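Input: a single structure, listed below in structure tokens.
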Amino acid sequence: MSAWPPEPIPTRRPALLQRLATVPRWDLAIVGGGATGLGLALEAAVRGYAVVLLESHDFASGTSSRSTKLLHGGVRYLAQGNIGLVRQALRERAIVLRNASHLAAPLPFVLPAYGRGQRLFYGAGLTAYDLLAGSARLGATTWLSAEQTLQALPGLQPQGLRGGVQYWDGQFDDARLAVALARTAASHGALLLNYCEVRGLLHEQGQVVGLRAHDRLLGQDYEVRARCVVNATGVWVDGLRAQDAAARAEAAQALVTPSQGVHVVVDQAFLPGAHALLVPRTADGRVLFAIPWLGKLVLGTTDTPRPDAPREPAPWRAELDFILGEAARYLRRAPTLADLRSVWVGLRPLVGGGAAAGGTAGLSREHLIVTSASGLVSVSGGKWTTYRAMADDVLAQAVRQGLLPPSARSSVSAGLALVGTAAGGAPPPPAALAAPPGAHLYGSEAAWLARLPGGDQEVAPGLSAAMVRFAARYEYALTVEDVLARRSRLLFLDAEQALAAAPRVAAILEQELGHDPALAAFAEQAARYAHPVYAAG
């Protein structure tokens, strides 16, 4: 009989704020609660550093919840000759699949071949991908006949099809993985606070010694002192760097160029089954994915430069036209605007400041770490799959530059199961994340979920009242958006259903937390996901 999993750690905000106010000095203060910051918080905490992380909105509310949901080595980067990045990402992919087996799983992809020589060309490249993965590969690349390709992708356009190639990569629930990182870091002593905005840095004798923070819920201000401050704000990294430079009467050069990626969600009936479709080169040279995810089909993505970085970017009409137009070329039944269940947009921080001639596709996905003269460490770029490697690099640089003392503990994160993962459990079945959401996404904590009231009360498909209570008590959820966008993924799957469920979620959150859970703001957001308002220009 298996042991009962440990009780989840409560995330009641008053206790978290009390700790923020009473600790006189931290080893490491992290600004930004996306994949980079959360991965760093966990890595530093398990090495014994005193860690605080502050996020101005919710964890993963920016780029890190709006990814294409893939844990991958980067087939495109292989074509660009970036062997080192691919090898590292494939190694890290295997670690995430093992350490978060309830939130990540292998996924078979099929590349259809319509032109002469395509199947051989694709197969050769993907076989090299397998070789780079070595013992961490998820399955062998196989050549498919036209008939086998259609069996794997029943909704594929058969006209002109010559065959295909199947290979393996991983997929995951990005926002729930982010929360799992936060909760695991907390279990190792880190303090993490969402909705706590960093409004400035503390300087003494020209050096950064901490930061000024503002609790956006209660309006309280805090002074947070730390040996080392890391700016991990992703696509917004240059904002804090500019503040730091201004304090020294200097100008900061931009580190990143924002790139916009649009995804649209339709019913899985457009491409039934558990295989994903990858078109590596569309009519204009871009990539198209059609990925089964949590009971729906995600189509995307674009890669469009933009000069600004809003919290809620809107799609350009041309981006939706591109996705739907390319989907019509490869699917038997072409989805239309009327078929869209949700449209969401994410911004990627691509390393390489300034405008990029010809767009952003050529800019680096590798991360960059820069330390200013004041000691502010800024990290940006990279991708979800390599969050752990990024954290290791940041800590190594901070120690090398004397901002942190060397840790007496070596890293153990490669073998550290995240909250909810059963230690020594069986690997996830292929395409497990393609199934509709439910209690299985809680892993070993499903037993604790079952003890909460409301397990038999469905708020929306795949979301019970007990899940809302679990989010409020143990997963840092403070608003309706937190629950319906990131603890549940309903906003990303079906915005109209999320809108319908919002009043019930708000009522439960008010019972649990005793404050206004921002229902009106969520209603406006959900309406934009259901019926996108196009960006100007």
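The values are calculated or read from the model by the stated rules, or taken from the named source; none is laboratory data. In this text, all values refer to a predicted model and were calculated from it rather than measured experimentally. A quick note on method: Cβ atoms are made from the backbone with ideal geometry, for glycine too, and the neighbour counts reach across all protein chains shown. Note: areas computed on protein heavy atoms with side chains; ligands, DNA, RNA excluded. Shrake-Rupley method; radii C 1.70, N 1.55, O 1.52, S 1.80 Å.
Observations on the model:
- Whether a residue is of a type outside the set (Ser, Thr, Tyr), open to solvent by less than 40 Å² (accessible area, probe 1.4 Å) and in a helix (DSSP H, G or I) was assessed, and ALA245 passes this test.
- Sub-6 Å Cβ pairs linking a first residue in region 369-391 that is open to solvent by 10 Å² or more (accessible area, probe 1.4 Å) to a second residue that is basic (Lys, Arg), at least 6 apart or interchain, are LYS383/ARG365, ordered by first then second residue.
- Candidates in region 57-72 are the residues that are outside any loop (DSSP other than H, G, I, E, B) and open to solvent by 10 Å² or more (accessible area, probe 1.4 Å); of these, the one that is nearest to ARG311 (Cα to Cα) is THR63.
- Residues that are part of a loop (DSSP other than H, G, I, E, B) and touching an Asp or Glu at 6+ places or on another chain (Cβ under 8 Å), drawn from region 288-306: LEU294, THR302
- Residue tally, condition among the β-branched types (Val, Ile, Thr) and free of Cβ contacts under 8 Å to residues at least 60 places away in the same chain, over region 40-87: 2
- Contacts under 9 angstrom Cβ, first residue in region 147-163 being part of a strand (DSSP E or B), partner hydroxyl-bearing (Ser, Thr, Tyr), 6 or more apart: LEU156/THR149; LEU156/TYR330; GLY163/SER145; GLY163/THR149
- Residue in region 318-329 that is without any contact (Cβ under 8 Å) to a residue 12 or more places away in the chain, farther than 25 Å from LEU161 by Cβ, out of contact with any Phe, Trp or Tyr (no Cβ under 8 Å at 6 or more places or on another chain) and among the small types (Gly, Ala, Ser) present: yes
- Filter result for GLU496 (part of a helix (DSSP H, G or I), open to solvent by 60 Å² or more (accessible area, probe 1.4 Å) and within 21 Å of SER56 (Cα to Cα)): no
- Here LEU54 meets the list (1) in contact with a Leu (Cβ under 8 Å, 6 or more places away or on another chain); (2) open to solvent by 10 Å² or more (accessible area, probe 1.4 Å) almost entirely, failing just condition (2).
- For the residues ASP267, ASP238, the requirement of being under 25 Å from the mean Cα position of the chain (by Cα), under 21 Å from VAL298 (Cβ atoms) and of a type in the set (Asp, Glu) singles out ASP267.
- Residues of region 91-142 satisfying the condition of being touching a Lys or Arg at 6+ places or on another chain (Cβ under 6 Å) and assigned to a strand (DSSP E or B): ALA113
- Considering each residue of region 410-419 in turn, at least one proves to be under 19 Å from the mean Cα position of the chain (by Cα), more than 15 Å from SER101 (Cβ to Cβ) and touching a residue at least 12 places away in the same chain (Cβ under 8 Å).
- The single condition among (1) touching a Gly at 6+ places or on another chain (Cβ under 9 Å); (2) of a type outside the set (Phe, Trp, Tyr); (3) without any contact (Cβ under 8 Å) to a residue 12 or more places away in the chain that GLY219 does not meet is (1).
- Subset of region 73-87 (residues that are at pLDDT 75 or above and not in a loop (DSSP other than H, G, I, E, B)): ILE83, GLY84, LEU85, VAL86, ARG87
- Top-ranked residue in region 167-185 [being open to solvent by 10 Å² or more (accessible area, probe 1.4 Å) and in contact with a Leu (Cβ under 6 Å, 6 or more places away or on another chain); ranked as modelled with the lowest pLDDT]: TRP168
- Criterion (on the phi > 0 side of the Ramachandran plot and modelled with pLDDT under 90) met by exactly one of GLY123, GLY117: GLY117
- Candidates are the residues of region 87-97 that are touching a strand residue (DSSP E or B) at 6+ places or on another chain (Cβ under 9 Å) and surrounded by fewer than 24 Cβ atoms within 10 Å (Cβ to Cβ); the one that is nearest to LEU416 (Cα to Cα) is VAL96.
- Among the residues making up region 391-411, those that are at pLDDT 90 or above, closer than 13 Å to ALA44 by Cβ and outside any helix (DSSP H, G or I) are LEU403, LEU404, PRO405, PRO406, SER407.
- Residue selected from region 324-361 under the condition hydroxyl-bearing (Ser, Thr, Tyr) and at pLDDT 95 or above, by the criterion nearest to the chain's Cα centre (by Cα): SER342
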